[in-house]
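The values are calculated or read from the model by the stated rules, or taken from the named source; none is laboratory data. Since the model is a prediction, treat every value here as computed from it, not as a measurement. Heads up, the Cβs are rebuilt from the backbone with ideal geometry, glycines too, and the neighbour counts pull from every protein chain shown. Heads up: the accessible areas ignore ligands, DNA and RNA and are worked out on the full protein's heavy atoms, side chains in. Shrake-Rupley method; radii C 1.70, N 1.55, O 1.52, S 1.80 Å.
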Amino acid sequence: MNVALNKKQIEEAGIASLKQYLLDSPYIDSDLPSNDKTPSFDGSLTIYTTPGLKKKNMKGIAAIQIKSTTNKSILKNRKFPVEVADLNNYFHQSGVIFFVIYVNPNNIRQTKIYYKDMLLFDIKEALKGKEAQQSIKLEFEKIDENVSDFRLVLENFLYHQDFQSKFSLQHVQEKEPTNFVMKWIGEKGNQMKYMQKHSMFLYTVDGNLPIPVKRIKPEELQFFTKTEEESVVLNTKNSIKFSGKNTIINNSIIEILFGQYNENYLEVNTDNRTVQFRTNLKGDIDNILNCLIFMDDLNKNGSLYIDGHDLSSIEATNSEASGSFGSYEETLNFFKDLKTILSDNHIPLNINFLNYQTKIYNNLMT
């Protein structure tokens, strides 16, 4: 026969599981007293820059609150009531890390830890229009499986405490903000990992004052994946074969740089079945003509081959050639005429048009 757990047993089981979890990090020192009577707070976590917990390497201290419960509702919807009086106290202390720990009443060693890192912006948003209530149900996050990932949550909490002040939350901007920036501390060599798992703060800046405007969840962000560069060969029906370097973004967009000076840019969107091509017209006359013939084929007959794969069914859009010309067709005709004139006058064709384009164009037009 199982005997019902009393309040103290539930509380101590929750604290013990959190202590055990944090022990795996040599960067975190936990002060979690049992049966603590301090209003609104239940100890603190001290974060260090290096292992060893030496005070010279202390990064900061985060105040915490711990609530242990046997109520399964936290498992179903990750929501838990927080008293308004406590929220006000957290606000006056620049925030809190709030833990809710589910304790299995049939086995106190089976626990699940949830948390909410509450900074001034979060608390202000939670209280908005609910100041007169006794408590407010807030949504919590399941704690990271790896404590090293949760350490970054603590580091970001301390980091944003420096940016979020009562003054910045009360500051009224004279103009509608147009520039925004996201700030965070991520894992070295993999900054995107933190963004994919944890919410981020969006700030606008008025002078030198950062003003928090929103906490953005991972599902509200669009992430891009990009492959390493690979060599490819591409051509159209009437063009020569070009060597280039391609990268693939989100498995659907192929970006290719090619040409004598990497002056040509091709983007193939396999989802929309479109091609965009731009060239900056560099190199000698033959190189430029080859690029323009490539463009002409894309626009007129849609032919395109990448590593021998026929992509002719993809529609070319927004083909552009830089310079003093109204269209790529005008550009192509100009260089065809220029090549004829140079050849007729026995002038070498290997001159670098990049160095002479303005002078040649002006002379040809007179």
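Quick notes on this structure:
- Cα-based shape type of segment 20-107, given that a ≥ b ≥ c are square roots of the gyration tensor eigenvalues and the cut on a/c is 1.5: oblate
- Only Cα pairs under 8 Å and 6+ residues apart enter the sum, and on that basis the relative contact order of segment 95-141 stands at 35 percent.
- For segment 10-126, share of DSSP beta bridges that run antiparallel, in % to the nearest 5: 75
- Net charge over other residues, Cβ less than 11 angstrom from the Cβ of Lys79 (K, R count +1; D, E count -1): +3
- Modelled FRET efficiency - R0 22 Å, Gln170 with His92, Cβ distances, 0.05 increments: 0.95
- Projected label points at Leu53 and Asn269, each 7 Å from Cα along the beta carbon direction, are separated by 5.5 nanometres.
- In the chain, the longest principal axis of the Cα atoms and the axis of helix 328-344 are about 40 degrees apart.
- Once the C-beta distance of Ser73 and Val233 is scaled by a Förster radius of 51 Å, the resulting FRET efficiency is 0.25 to the nearest 0.05.
- Among Leu209, Phe157, Pro177 - extreme Cα towards positive end, dipole of segment 157-214, charges at beta-carbon: Phe157
- Tilt relative to the chain, helix 7-22 - C-alpha long axis, 0 to 90 degrees, to 10: 40
- Computed over the chain: relative contact order in percent, which uses C-alpha pairs under 8 Å that are six or more apart: 9
- Answer label, with P(r) over Cα pairs in 10 Å bins from 0, in percent calculated from the coordinates and candidates (1) 6, 25, 34, 22, 11, 3, 0; (2) 4, 18, 19, 14, 12, 13, 11, 6, 2, 1, 0; (3) 4, 19, 21, 13, 9, 11, 12, 8, 2, 0: (2)
- Simple Cβ-charge dipole of the chain, Lys/Arg +1 and Asp/Glu -1, about Cα centre, in debye nearest 20: 1760
- Estimated purely from DSSP H runs of n ≥ 4, each contributing -39500 (n - 2.57), the mean residue ellipticity at 222 nm for the chain is -9000 deg cm²/dmol once divided by its residues.
- Between Asp36 and Phe180, the C-beta separation translates, for a Förster distance of 41 Å, into a calculated FRET efficiency of about 0.55.
- The mean sequence distance of close C-alpha pairs (under 8 Å, at least 6 residues apart), as a share of the length of segment 1-81, puts its relative contact order at 26 percent.
- A 1.4 Å probe run over the chain, with the rest of the protein chains in place, finds 57 Å² accessible per residue.
- Estimated dipole of segment 160-200 in Debye, rounded to 20 [Cβ of Lys and Arg +1, of Asp and Glu -1, Cα centre]: 200
- Rounded to the nearest 10 degrees, the angle from helix 147-161 to the longest Cα principal axis of the chain is 90 degrees.
- What you get for segment 1-111, charging only the Cβ of Lys and Arg (+1) and of Asp and Glu (-1), is a dipole of about 220 debye around the Cα centre.
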